[in-house]
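A.B. asks: Before anything else, here's the structure in question.
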C-alpha cells in the first residue's frame, strides 16, 4: 500500500471482496495486522469480523483454524488417494504419447531418407521434439525408445 496518510482500519463491503479464498484472505488479514492495520467487514457472512474488537478477533481466529483444518484435510485425502491408486497399480502423470507400435513405426520410417518428419509427426499425433526423444534422425532408438519397448 503506497500512501502518505496513515491507515488504521481497512473496511470492506463483503468478505469475498478482499480475498480469492479463505487461505488468501487469512494471509492478507495477517499481513494487515502485522502492519498495525485493523480489518472490518460491513455486510454478508463475514459481518461479525471486526479485528478492532475481541469478538471479531475470535471469529477471525476460528476462520483461520478452519482454513488450516481444510488444508490438512485436503492433503490427507490427496495422499490417501495416491496411495490407493498405487495399490491398484496406477501411476500419476499424463499417459505417454508414444506407444511401442508408434516407436517401431517411426524407427522404421526414419531409416528411409525420403520420409518427411513433419508428415510422420502428423500421422503419429506427436511433436517433432517428442519423436526425437524416442528415435534419432537416422532411425535408431534412443534411451526412451528402448525403455518403452522393454516396458510397454
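A.B. asks: Shape of the range 71-134 from its Cα gyration tensor (a ≥ b ≥ c, root eigenvalues): rounded if a/c is under 1.5, otherwise prolate when a/b > b/c, or oblate?
C.D. replies: On the way: a/c = 5.66, a/b = 3.20, b/c = 1.77.
Note, shape of the range 71-134 comes out prolate.
A.B. asks: Give the angle, between 0 and 90 degrees and rounded to the nearest 10, that separates the Cα long axis of helix 54-87 from the longest principal axis of the Cα atoms of the chain.
C.D. replies: For 54-87 against the chain, the angle is about 20 degrees.
A.B. asks: Per residue of the chain, what 222 nm ellipticity follows from adding -39500 (n - 2.57) for every DSSP H run with n ≥ 4, rounded to the nearest 500?
C.D. replies: Values: 6 runs with 81 residues, N = 152.
That calculation yields -17000 deg cm²/dmol at 222 nm.
A.B. asks: So what's the angle, to the nearest 10 degrees on a 0 to 90 scale, between helix 22-34 and the longest Cα principal axis of the chain?
C.D. replies: Roughly 50 degrees, rounded to the nearest 10.
A.B. asks: Something else about it: Mind computing the radius of gyration and Dmax over the alpha-carbon atoms of the chain? Å is fine for both.
C.D. replies: Rg then Dmax for the chain, in Å: 28.5, 80.
A.B. asks: So how much slack lies between residue 9 and residue 112, counting 0.36 nm per residue of separation and subtracting their Cα-Cα distance, in nm?
C.D. replies: Numbers: separation 103, 0.36 × 103 = 37.08 nm, distance 7.41 nm.
In short, 29.7 nm is gained.
A.B. asks: OK, next. For all pairs of alpha-carbon atoms in the range 100-150, what percent lies in each bin of width 10 Å, listed from the first bin to the last filled one?
C.D. replies: Reading the bins upward from 0: 29, 63, 8.
A.B. asks: Here's something else I'd like to know. Which angle from 0 to 90°, rounded to the nearest 10, does the C-alpha axis of helix 100-110 make with the longest principal axis of the chain?
C.D. replies: Approximately 60 degrees, to the nearest ten.
A.B. asks: With no solvent and one point per C-alpha, what does the Debye sum give as log10 I(q)/I(0) for the range 9-87 at q = 0.12 Å⁻¹?
C.D. replies: Taking Cα atoms of the range 9-87 as identical point scatterers yields -0.41.
A.B. asks: Now, a different point. In percent, how large is the relative contact order of the chain, given Cα pairs closer than 8 Å and 6 or more residues apart?
C.D. replies: On the way: 131 pairs, mean separation 21.8, N = 152.
Here the relative contact order equals 14 percent.
Each value in this text was obtained by applying a stated rule to the coordinates, not by laboratory testing. The structure displayed is predicted, hence computed values, not measured ones.
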